[in-house]
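Okay, so here's the structure we're looking at.
The values are calculated or read from the model by the stated rules, or taken from the named source; none is laboratory data. As the structure is a computational prediction, the values presented were derived from the model and not from experiment. Glycine also receives a Cβ, built like all others from the backbone with ideal geometry; neighbour counts cover every protein chain displayed.
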Amino acid sequence: MTTTGLSYVPNNPNSPWQIYLQQVDRVTPHLGHLARWVETLKRCKRVLAVDIPINRDDGTVAHFEGFRAQHNLSRGPGKGGVRFHPDVTIDEVMALSAWMTVKNAAVNLPYGGAKGGIRVDPKTLTRPELERLTRRYTSEIGLIIGPDKDIPAPDVNTNDQIMAWMMDTYSMNVGATATGVVTGKPIALGGSLGRREATGRGVYIAARETAYAMGLDIKGARVVVQGFGNVGGIAARLFKAAGAIVVGIQDVSGAVVNEAGINVDAALEFVAQGNKLTEYIGVTPITEDEFWALKSDIFIPAALENQLTATRAKSISTRLVVEGANGPTTPQADDILHDRGITVVPDVIANAGGVTVSYFEWVQDFSSFFWTEAEINDRLERIMVEALKAVVHTADKHKVSLRTAAFIIACTRVLAARELRGLYP
Ligand code: NAD
């Protein structure tokens, strides 16, 4: 079946939505009789575009553009983050919502996929303006979100405070405290222990399990990490704690190396104090080209999308890539890495730890019964290990990459639910 174009998204082959459609095309031959439903995956169920007017502190009124896309709700309520960024577009939000459908189904969480965003640079707003923006956006998308409809969470440039404002606004509008309407909240408002570390921990678990299957010992393995924030920083810390040697790190300030191993905890503390990673005393700054030429056993892209390009994929010297970021590898680079025998654990599995603990938060909010951090980490470990095992098994069976295998599992689950539910009316 050919891809049907949608009139409201640009037909740019490199846009996130078009990249997602190419990934669906790759998986379609493996979907058997369910392939007749595949067009379902090539559209969003619902996309809401909203105008967000706010009073600026100087007395003027400013208007912002906001979105909430619900890609698929066949298996449960929508789930996915909210991004505040000047580059947010309807195309990007739709693609991110579709990847959430795949991620949630790949780890078998009872959710569909959704994502939201506001086209804004939050650094240009004061805190009261940011609060007004968040509250008006929440009211506007309040038509379609809710604890059993669609549950937002933090993403780029949004955090637990923004989730607290979203929860409060929704609660005021419905006249009842609804903690389960968002996840990633502060602990004092029904947030979950372990949520902040969950994505980095999941990346580490995915890397450890895959390395083990490849006969690669984490102890003594050379690890290079791009991105030293929530995901990359926590993953680097766990690698170091397991005896790996973190030789290179890159963040927005630049790249650094220490062949004997970077003291990750000290570097994290240095950066948390507002310093630049490149000025940390235990490392030597290197150029971007030198960073991409570093020899490693495990490479963790945990910063932005489209970092591992075809050119970099041809020369990168590593055995295993574990995607902490969403969409860090271009489809061309993916093929090159596959041909070179470099294993890639795709984002939809590798960074699913965050949404998994978001699911735990939602369950805890519903039952008003909160778990210990040990219980949370234990359950996260079990879900990640099981999901990864299934992906490896499917990749072996169909002779495909781990990414296509994850898509096969996820799309089969989504379309089986679609078929069982049937078409209304
Ligand atoms: P973050 O803002 O905490 O950290 C981002 C890191 O990337 C920072 O260290 C920053 O300096 C670095 N960076 C930014 N621009 C860079 C550049 N040009 N070159 C190199 N480094 C650069 O964000 P995060 O929460 O760690 O998210 C990182 C990625 O992981 C994003 O793609 C995000 O969508 C994805 N992700 C995050 C979560 C989560 O729970 N936080 C869950 C799933 C996926």
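Restricted to segment 40-77, and to residues that are among the β-branched types (Val, Ile, Thr) and crowded, with 17+ Cβ neighbours inside 10 Å, which residue is nearest to the chain's Cα centre (by Cα)?
Kept after step one, since they are among the β-branched types (Val, Ile, Thr), are these residues of segment 40-77: 40, 47, 50, 52, 54, 60-61.
Adding the requirement that they be crowded, with 17+ Cβ neighbours inside 10 Å leaves 40, 47, 50, 52, 54.
Values: THR40: 22, VAL47: 20, VAL50: 24, ILE52: 25, ILE54: 29 Å.
Among those that are among the β-branched types (Val, Ile, Thr) and crowded, with 17+ Cβ neighbours inside 10 Å, it is VAL47.
Is one or more of the residues making up segment 225-232 more than 9 Å from the ligand (Cβ to nearest atom) and either in contact (Cβ under 8 Å) with a residue 40 or more places away in the chain or among the charged types (D, E, K, R) (or both)? Yes, some residue in segment 225-232 is more than 9 Å from the ligand (Cβ to nearest atom) and either in contact (Cβ under 8 Å) with a residue 40 or more places away in the chain or among the charged types (D, E, K, R) (or both).
Test HIS33 against the criterion of being of a type outside the set (Val, Ile, Thr) and assigned by TED's automatic domain parsing to the domain that holds TYR111, and give yes or no. No.
Counted as qualifying within segment 255-370 are no helices (runs of 4 or more DSSP H), as none has 3 or more residues that are among the charged types (D, E, K, R) and touching a Pro at 6+ places or on another chain (Cβ under 9 Å).
If you filter segment 316-332 down to residues that are more than 13 Å from the ligand (Cβ to nearest atom) and at pLDDT 95 or above, you find that the one that is surrounded by the most Cβ atoms within 10 Å (Cβ to Cβ) is VAL321.
Take the residues in segment 138-159 that are assigned to a loop (DSSP other than H, G, I, E, B), more than 14 Å from the ligand (Cβ to nearest atom) and of a type outside the set (Gly, Ala, Ser), then tell me which one is modelled with the lowest pLDDT.
Of the residues in segment 138-159, the ones assigned to a loop (DSSP other than H, G, I, E, B) are 142-145, 147-149, 155-159.
Within this subset, residues satisfying the condition of being more than 14 Å from the ligand (Cβ to nearest atom) are 142-145, 147-149.
So of that shortlist, the ones also of a type outside the set (Gly, Ala, Ser) come out as 143-145, 147-149.
Values: LEU143: 94, ILE144: 98, ILE145: 98, PRO147: 98, ASP148: 98, LYS149: 98.
If we take residues in segment 138-159 being assigned to a loop (DSSP other than H, G, I, E, B), more than 14 Å from the ligand (Cβ to nearest atom) and of a type outside the set (Gly, Ala, Ser), then LEU143 is modelled with the lowest pLDDT.
Applying the set (1) more than 14 Å from the ligand (Cβ to nearest atom); (2) under 30 Å from THR309 (Cβ atoms); (3) in contact (Cβ under 8 Å) with a residue 12 or more places away in the chain to TYR212 leaves exactly one unmet item: (3). Of all residues in segment 103-113, none are among the charged types (D, E, K, R), in contact (Cβ under 8 Å) with a residue 60 or more places away in the chain, under 24 Å from MET167 (Cβ atoms) and more than 14 Å from the ligand (Cβ to nearest atom).
Of all residues in segment 288-300, those that are touching a residue at least 60 places away in the same chain (Cβ under 8 Å) have Cβ atoms under 8 Å from Cβ atoms of residues that are among the β-branched types (Val, Ile, Thr) and part of a helix (DSSP H, G or I), 6 or more apart or on another chain, in ILE300/VAL203. If you check VAL400 against the conditions, is it outside the structural domain of GLU323 (by TED's automatic domain parsing) and outside any helix (DSSP H, G or I)? Spelling it out, VAL400 is indeed outside the structural domain of GLU323 (by TED's automatic domain parsing) and outside any helix (DSSP H, G or I). Within segment 240-263, the residues that satisfy the criterion of being more than 9 Å from the ligand (Cβ to nearest atom) and crowded, with 24+ Cβ neighbours inside 10 Å are ALA244, VAL246, GLY248, VAL256, ILE262. Can VAL88 be described as free of Cβ contacts under 8 Å to residues at least 40 places away in the same chain and within 30 Å of LEU402 (Cβ to Cβ)? It is true that VAL88 is free of Cβ contacts under 8 Å to residues at least 40 places away in the same chain and within 30 Å of LEU402 (Cβ to Cβ).
Got a sec? Which of MET172, MET163 is farther than 17 Å from ALA302 by Cβ and within 16 Å of the ligand (Cβ to nearest atom)?
On the way: MET172 fails: within 16 Å of the ligand (Cβ to nearest atom).
Exactly one of MET172, MET163 is farther than 17 Å from ALA302 by Cβ and within 16 Å of the ligand (Cβ to nearest atom), namely MET163.
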